[in-house]
Amino acid sequence: MSVAQTQSRSVLAGIADDPLLEISGLVVETGPQRRPIELLRSIELAIPRGARVGVVGESGSGKSMTASAILGVLPDGVRARSGTIRFDGRDLMTLPERELRRIRGGEISLVSQNAVASLNPLMTVGAQIAKVCREHTGVSKAEAWARTVELLDALGIPEPDVRARSYPHHFSGGMAQRVAIAMALICSPQLVIADEPTTGLDATIQAQVLEVIDGSVKASGAALLLISHDLAVVRAMCDIVAVVYAGSLLEYGPADEVLNRPLSPYTQGLIRCMDPPEGEIAFIPGRIPEPGTLGAGCPFAERCEQATDACRAQQPALRQLRPDHWVSCHHE
């Protein structure tokens, strides 16, 4: 490994000798070059091979933007200014678009929030899944179709050979989400990104979909990056938790540690909201700052009861305070 490569390693990379994904110093911005607005502020993230990592935080914290940066599909007008995203030893930020297209869907796949909206209404669901399979594996039409039907069956779709010939509007929300999961898994990716995969589904269907994702990822040995605002879901499914706020990583570590012994005041606030004392309604005062309004200090300082002048003056560095447990806070 070259000196440059060593310097580009995430401060979190020590959690594994050979992590599948490492993000180091990622800055994503929008607006004019002379006066850019930062959307992600030096994000750090590491995903060991086969691990299940949950990314949590309020809406607007940068969870989905981080996923978009990994996939190389940032919205128009948004750009990655600096940092590295290393996947299986390759820096995704330096690869040509042709190579990124091969990785997307083949080695890294996405299960999005709204499965029905993500599917092509003019193609049968089987044809869509088989198309992804053929594009990334080069198998014959017959083999791609056979794999599609087999996977739909494994994911609990009744009469999979018949249902594979149906169009997306014939599927309920829960079944459509299973189709989206099949599309994400058909090429046996190394990393599955699930971005709020149960949004809009009722509680019973949410549990079924999460069970399917959990079982499928475990069976295939893939790593999972689960983006969610629901700490209960993350607690049940993930080994590692990353807490992001206003485009910055504030805490990262084993799920049991982060969710039971949180170090960051922000994480502590999120957990209080999830499980408030009996008879109380817990909330974090204030609101997440708009992009471009942050100063040089900790992004959570204006909402933090522990904040001091030092917190407002300088953003704290990410430090390891317990085994595999990092926090960005001046007071820890």
If you check I227, I205, which single one turns out to be in contact with an Asp or Glu (Cβ under 8 Å, 6 or more places away or on another chain) and either within 21 Å of I85 (Cα to Cα) or crowded, with 16+ Cβ neighbours inside 10 Å (or both)? I227
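For region 12-38, give me the residue count where each residue is part of a strand (DSSP E or B) and not charged (D, E, K, R). Steps first, answer last, please.
Here is the first cut: in region 12-38, the residues part of a strand (DSSP E or B) are 21-30, 37-38.
Still in the running and not charged (D, E, K, R): 21, 23-28, 30, 37.
Here the count works out to 9.
Considering only residues that are farther than 15 Å from M175 by Cα and in a loop (DSSP other than H, G, I, E, B), look in region 101-119 and name the one that is modelled with the lowest pLDDT.
Within region 101-119, the subset farther than 15 Å from M175 by Cα is 101-110.
Cutting the leftovers down to in a loop (DSSP other than H, G, I, E, B) gives us 105-107.
Details: G105: 89, G106: 92, E107: 96.
Once the filter is applied, the top-ranked residue is G105.
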Any residue at all in region 242-258 that is within 15 Å of the chain's Cα centre (by Cα), modelled with pLDDT under 90 and closer than 30 Å to Q306 by Cα? no
Of I181, I186, I213, I193, which residue is surrounded by 21 or more Cβ atoms within 10 Å (Cβ to Cβ), modelled with pLDDT of 90 or more, out of contact with any strand residue (DSSP E or B) (no Cβ under 8 Å at 6 or more places or on another chain) and β-branched (V, I, T)? I186
Going by the structure shown, is R287 of a type in the set (K, R), under 30 Å from G31 (Cβ atoms) and assigned to a loop (DSSP other than H, G, I, E, B)? yes
Among the residues of region 232-265, how many are out of contact with any Pro (no Cβ under 9 Å at 6 or more places or on another chain), crowded, with 18+ Cβ neighbours inside 10 Å, more than 18 Å from E196 (Cβ to Cβ) and not small (G, A, S)? 7
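Which count do you get for residues in region 236-265 that are assigned to a helix (DSSP H, G or I) and either touching a Gly at 6+ places or on another chain (Cβ under 8 Å) or of a type in the set (S, T, N, Q) (or both)? Write out each step before concluding.
Within region 236-265, the first condition is being assigned to a helix (DSSP H, G or I), and the residues that meet it are 236-237, 255-260, 265.
Subset that is either touching a Gly at 6+ places or on another chain (Cβ under 8 Å) or of a type in the set (S, T, N, Q) (or both): 237, 255, 260.
Of the residues in region 236-265, 3 are assigned to a helix (DSSP H, G or I) and either touching a Gly at 6+ places or on another chain (Cβ under 8 Å) or of a type in the set (S, T, N, Q) (or both).
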Name the residues in region 83-100 that are without any contact (Cβ under 8 Å) to a residue 12 or more places away in the chain and assigned to a helix (DSSP H, G or I), would you? T94, R98, E99
Report, by residue number, each residue of region 304-323 that is touching a Pro at 6+ places or on another chain (Cβ under 6 Å) and either closer than 18 Å to E58 by Cα or acidic (D, E) (or both). C304
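The values are calculated or read from the model by the stated rules, or taken from the named source; none is laboratory data. What you see is a predicted model; the values in this text were computed from it and never measured. A quick note on method: Cβ atoms are made from the backbone with ideal geometry, for glycine too, and the neighbour counts reach across all protein chains shown.
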